[in-house]
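All remarks here apply to the structure that follows.
What follows is calculated from the coordinates using simple rules that are stated; it is not laboratory data. All of these numbers come straight from a predicted model, not from anything done at the bench. A quick note on method: Cβ atoms are made from the backbone with ideal geometry, for glycine too, and the neighbour counts reach across all protein chains shown.
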Amino acid sequence: MSIKQEFREAREKFRLLSLYQRFERFVVMFLTALIVVIVVAALWTLTLKILFGLVLSGGLDPSDYSAFQAVFGMILTVIIALEFKKSLLVVAEGGDTVVQIRSVVMIALLAICRKVIILDLTETDALHILALAAAILALGLIYWLIGDRDREGDEVA
């Protein structure tokens with residue numbers, strides 16, 4: 001199918017939507033565009049920091065844990081933004097008006113895992129680490145239960 005045909009079909013589908021559904025689509029597309037700008041900016045900053053801040057300045061020391069911690073924190077920030085954009089596009093393309101709870105839980109898990117990776121364990125108290133572990137465990141359980149429910153729904157259908 002050519003791009004013109006796809007655009008024509010999308011325009012026809014858009015005409016069939018109610019005013020509120022059109023508003024929803026506009027908001028999702030606007031948020032997607034903003035997230036794309038954020039991802040591009042974060043990727044550019046990450047590239048500059050890795051190339052100029054670490055490689056060319058000779059600061060890339062494999063034994064320096066804090067440098068790797070910072071780089072992986074920035075990489076996970078980009079991944080979280082991409083996952084968020086993907087969940088918005090699923091809403092826009094699928095005609096689904098509710099963001100899938102599984103995507104929200106996945107984004108929360110990624111954000112907490114990012115926090116754990118960039119956490120300085122020498123300056124963090126045990127209660128904070130326990131709270132992060134409990135949050136990861138609870139979100140993991142929710143993600144597993146949602147996946148279990150989705151698999152049961154597939155078997156019934």
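So the values come out like this:
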{"quantity": "Taking Ser2, Ser103, Ser66 and counting other C-beta atoms within 10 Å, the order from fewest to most", "calculated": "Ser2, Ser66, Ser103"}
{"quantity": "Cβ-based exposure ranking for Asp64, Asp120, in which fewest neighbours within 10 Å come first", "calculated": "Asp120, Asp64"}
{"quantity": "Full-extension gain in nm, Met29 to Lys49, via 0.36 nm per residue minus C-alpha separation", "calculated": "4.2 nm"}
{"quantity": "Residues Thr77, Thr122, Thr32, sorted so that the one with the fewest Cβ neighbours within 10 Å comes first", "calculated": "Thr122, Thr32, Thr77"}
